[in-house]
Amino acid sequence: MVGIILCFALGFGVVQCSGLKDFEVSDGDVLNLSFTSNTNVLKGSLILPKHVSTPPIALIVHGDGAQTRFSDASYLPMVNSLLDAGIGVFTWDKPGVGESTGDWLQQSMQDRSDEVIAAYRKIQSLPELTGSPIGFLGFSQAGWVLPITTNAMTPAFTVLVGGAVNWRHQGAYFTKRQLEAQGLSSEQVAQQVADNLSQNDALFASSDTPNPSLRPDMDPKRFAFVARNYINDATSYLGTMQGPVLALWGANDKNVDPFFNQAIYQHKLRPDQAQSTLIVQQATHGLLNSERFNYQLPSEWPLWNTGIFILMGRHAYAPNALDAIEGWIHQVTQSN
């Protein structure tokens, strides 16, 4: 019996540890590039799959926070999966993070969209990528960025993961899930969410010059960032997004209400333009497997959970989540 248990444990360890290789880019050609947007110089990495001519190129559009090009290595399993599927990737450090200049906290969603278009033009200008379909793969906050972008230009494809439509609603949902996790009753949750939303409206939406001293618990730069973007709502952009669009949400998303936002997208998107939505079962906000990784913020992960993610690599994602994205990108780029 002991021998059987040891063999099982060893086999499990070998399977899980196979994910370690996902944290190194060994099967792609890496080219470091820079481009400018407004007064910022953004630096990033273009990774191309080996032995693939004119591959689709996905420009990674980060969510909230001070993120490096690979989001402190957490994007690498996804990047390697895309490379293995014959899809190239361009991703860059956000302004003021890593090797990029500027300050991402001073950006509006329009500023972020301008940056995305500048990145697209940089990649489009490379002679070695002539003939490659170029599109976007955006996460979370990109839900307010890419609808603006795709009203100004037509990419080969746009994939949005965990995108919210309305900033206020997303904040209220985030708070609701936090309070539920604390064990409050449904009545207590509803009252506190309503109170919080009313306070935020008074702080961020009722004045042209919100006063950061009213929120001493919040960094002044963060306060200004929220105030600048608080009234964002992507609804008016969704019906006129250009090019194929796939919007995905994890069924167990604790940050963005998947079904509420999917309903808006379904109403606004145009199926005749290859625009559609998908709820991924057993998936989190970032499409990780919710059985192991269902937290609102990476900072909430216990150390052992981080270790599991490192051991699993791409297998940490919900079943078929990455396959769905990769298959759809190939489908829409090969049909055009």
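The values are calculated or read from the model by the stated rules, or taken from the named source; none is laboratory data. This structure is a prediction, so every number in the text was calculated from the model and none was measured. Note that each Cβ is placed from the backbone with ideal geometry, even for glycine, and that neighbours are counted across all protein chains shown.
What to note about this one:
- Pairs meeting the criteria (first residue in region 294-315 and more than 22 Å from residue 82 (Cα to Cα), second residue aromatic (Phe, Trp, Tyr) and part of a helix (DSSP H, G or I), beta carbons under 8 Å, at least 6 apart or on different chains) are 296/174; 301/293; 301/309; 305/293.
- Matching residues, region 98-129, being within 27 Å of residue 49 (Cα to Cα) and of a type in the set (Gly, Ala, Ser): 98, 100, 113, 118, 119, 125
- Here residue 37 clears all of (1) touching a helix residue (DSSP H, G or I) at 6+ places or on another chain (Cβ under 6 Å); (2) under 19 Å from residue 325 (Cβ atoms); (3) not basic (Lys, Arg) except the condition numbered (2).
- The lone exception for residue 174 - which of (1) within 25 Å of residue 330 (Cα to Cα); (2) under 19 Å from the mean Cα position of the chain (by Cα) it fails: (1)
- Yes/no for residue 74 being in contact with an Asp or Glu (Cβ under 8 Å, 6 or more places away or on another chain) and under 30 Å from residue 230 (Cβ atoms): no
- Residue in region 72-81 that is crowded, with 18+ Cβ neighbours inside 10 Å, under 16 Å from the mean Cα position of the chain (by Cα) and charged (D, E, K, R) present: no
- When region 172-216 is filtered for residues that are exposed (fewer than 12 other Cβ atoms within 10 Å of the Cβ), under 23 Å from residue 232 (Cα atoms) and of a type in the set (D, E, K, R), the ones remaining, listed by number, are 195, 208.
- Qualifying position, being of a type outside the set (D, E, K, R) and buried (at least 22 other Cβ atoms within 10 Å of the Cβ), among 149, 130: 149
- Residue match in region 54-70 (condition: under 28 Å from residue 225 (Cβ atoms) and of a type in the set (S, T, N, Q)): yes
- The condition of being closer than 17 Å to residue 43 by Cα and modelled with pLDDT of 95 or more holds for only one of 81, 113, 140, that being 113.
- Residue list for region 266-295, filter: crowded, with 16+ Cβ neighbours inside 10 Å, of a type outside the set (Lys, Arg) and over 17 Å from the mean Cα position of the chain (by Cα): 269, 274, 275, 276, 282
- Scope region 28-54; condition among the β-branched types (Val, Ile, Thr), modelled with pLDDT of 95 or more and in contact with a strand residue (DSSP E or B) (Cβ under 8 Å, 6 or more places away or on another chain); matching residues: 36, 41, 47
- Residues that are among the hydroxyl-bearing types (Ser, Thr, Tyr) and more than 17 Å from residue 225 (Cβ to Cβ), drawn from region 93-107: 101
- Positions within region 10-27 being modelled with pLDDT of 85 or more and of a type outside the set (Val, Ile, Thr), in sequence order: 21, 22, 23, 24
- For region 23-46, filtered to residues that are in contact (Cβ under 8 Å) with a residue 60 or more places away in the chain and within 20 Å of the chain's Cα centre (by Cα), the residue that is nearest to residue 308 (Cα to Cα) is 23.
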